[in-house]
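Q: Take this structure, written in structure tokens, and hold onto it; I'll ask about it next.
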Amino acid sequence: MRFHRLIILCLLLVGPYTGAFAQSSPQTPINGDWDGSLKVPTGMEMRLTLHLSEHAATMDSPDQNASGIPVTLNRQDSTVTVAISSVKASFTGTLSADGQSMTGRFSQGGMNMPAHFSRRAAGAAAPQPDRPQTPHPPFPYTSRDVNFPGKDGDLLAGTLMLPKGHGPFPAVVMIAGSGRQNRDEDVAGHKIFLVIADRLTRAGIAVLRYDKRGIGASKGDFKTATTADFAIDAQDAARWLRTQPGIARDKVGLIGHSEGAEIAPLVANRDVQVAFVVLLSAPALPGADIIAAQQLAIALASGVPKAEAEKLHANEIRLLDAVRHSADQASANAAAQKIMEQAGMPAERAATEASEISSPWFRATLDYDPAPALRKLQQPTLVIAGSRDLQVDPAANLPVIRSALAKNAHARIVELPGLNHLLQPAKTGAPQEYGSIPITVDPAALDLITEWVKQQVHL
């Protein structure tokens, strides 16, 4: 489930900003790439990178998959200031005598957070986060790029991973969460689906993972697509997989994460040949409720003072209500932009964000209720939630899931302690933390998924 980051916080530095470069001193040049981080009030580190030159200055926030954010930069002797006016934030630091580091404070919303940057050597590659679970060759299985027809005949592209041997093999289709997800479901440098697929294929289970329509090598229009369209694509993926040599047609199941865990029940209800379903971090409440709840939870976990978080939350609810009750996309766009500008967001930024939340996908998501599809599930179903999931709160969603699956004799629901929305071991569960955690998927979650699927297909 895409977390709503439009008027909330702060530490979520995404989207287009207006920037410039100002330098009043001819001293040690600061042109180049600077890698660093800031420490948020909860103690977690969030990576940032500055790209500085005479003509432009930009910032990347790798842990949030945001890059090329223009900023305004000013230098007075050894004092360097980077301002991001659109989110009312700034970094002010002191350049070291050797010109190799800057140390100071990142300020926003009344919070002052320690931050430090180090100059990257000229021509050096950007530092890569530690991701010990990302698989590397040689592999004890085969992988091949594939294409299959999706909605309206558009070709979807993916990777089919097959265990060694002749088969036929049980198999799964992996269905990604919201946003512009590729076949790896890459979040903050974590290749979530690749890690899960590698584990399953090593256990004798074939895996198909694919780029969402309009993303990566897949054709189609992502901007106009809704959850219903993505469900059609997932159904086409399962149908195609059952036709492939080496696949046991009666043992093909679905694994969905976040929004993908909303899609999987829709597909399984339409396609009786789906053998089993795995739902990871599954929403069970209407989209508007999920988004409003996650906005408040993430704000508080990120260290936003309670009074400010509640103010943001009230404005969020007002915004969502306005979008939900607008007659069409144009009126939703106008209403959203007006509310965001009234909240203090610059007009250019508000226009960009209003375009996103008035999109067909977002408006459909606000009204979509996953519970009816869950109630209809007949196939064996495994549900896994993390106790520290702030995007889909298990305390609110798991009771609904338990009720919906009460008549499914082959349903198993597990809440794993200490895991976040990505099923990582987490301190707070806040999305800003995702990139700083080396583990991509907790081993307990990988074991549970693998062993349960093996049981369903009698491996």
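Values in this text are rule-based calculations from the coordinates and carry no lab data. Keep in mind it's a predicted model, so treat the numbers as computed, not measured. A quick note on method: Cβ atoms are made from the backbone with ideal geometry, for glycine too, and the neighbour counts reach across all protein chains shown.
Q: In sequence order, what are the phi-derived ³J(HN,Hα) couplings for region 449-459 according to the Karplus relation 6.51 cos²θ - 1.76 cosθ + 1.60 with θ = phi - 60°, rounded to whole Hz, with x for glycine and proline?
A: 4, 5, 5, 5, 4, 4, 5, 5, 9, 6, 8
Q: How big is the dipole moment of region 20-119 about its Cα centre under a simple scheme where the beta carbon of each Lys and Arg is +1, that of each Asp and Glu is -1, and everything else is neutral? Debye, nearest 20, please.
A: Value, rounded to 20: 260 debye.
Q: Once you place label points 7 Å from the Cα toward the Cβ at Gln273 and Arg239, how far apart are they in nm?
A: 0.9 nm
Q: Of the beta bridges DSSP finds with both residues in the chain, what % are antiparallel, to the nearest 5?
A: Beta bridges within the chain, antiparallel portion: roughly 70 percent.
Q: Hey, which of these cross-link pairs are over 30 Å Cα-Cα: Lys212/Lys454; Lys88/Lys191; Lys88/Lys427; Lys191/Lys219?
A: With Cα atoms farther than 30 Å apart: Lys88/Lys191.
Q: Right, something else. Starting with the highest mean, order 389-401, 241-253 by the number of other Cβ atoms within 10 Å, averaged over the residues of each peptide.
A: Taking the mean over residues of other Cβ atoms within 10 Å, the ranking is 389-401, 241-253.
Q: A further question follows. Below 14 Å, Cα to Cα, which aspartates and glutamates can Lys151 reach? Residues fewer than 8 away in the same chain don't count.
A: Output for Lys151: Asp211, Asp221, Asp229, Asp233, Asp236.
Q: Under the Karplus relation 6.51 cos²θ - 1.76 cosθ + 1.60, θ = phi - 60°, what is the ordered set of whole-Hz ³J(HN,Hα) values for region 404-414, x standing for Gly and Pro?
A: Rounded to whole hertz, the list is 5, 9, 4, 8, 8, 5, 10, 9, 10, 10, 10.
Q: Between Glu185 and residues 5 or more places away or on another chain, which pairs have amide H atoms under 5 Å apart, with H built 1.01 Å from N, and which residues are they?
A: Phe193
Q: Distance from a point 7 Å along Cα→Cβ of Glu451 to each backbone N in region 235-258: keep the residues under 17 Å and list them by number.
A: Answer for region 235-258: none.
Q: Test of understanding: what is the full-extension gain from Ala126 to Ala248, defined as 0.36 nm times their sequence separation minus their Cα-Cα distance?
A: 39.6 nm
Q: Here is a further query. In the calculated pair distance distribution of region 20-119, what percentage of Cα-Cα distances lie above 20 Å?
A: In whole percent, the long-distance tail amounts to 29.
Q: Where Rh denotes the Kirkwood radius from the mean inverse Cα pair distance, what is Rg over Rh for the chain?
A: In the chain, Rg relative to Rh is 0.99.
Q: While we're looking at this one, here's another question. Once every DSSP H run of n ≥ 4 in the chain is given -39500 (n - 2.57) and the sum is divided by its residues, what mean residue ellipticity at 222 nm do you get, rounded to the nearest 500 deg cm²/dmol?
A: -9500 deg cm²/dmol, from helical runs alone.
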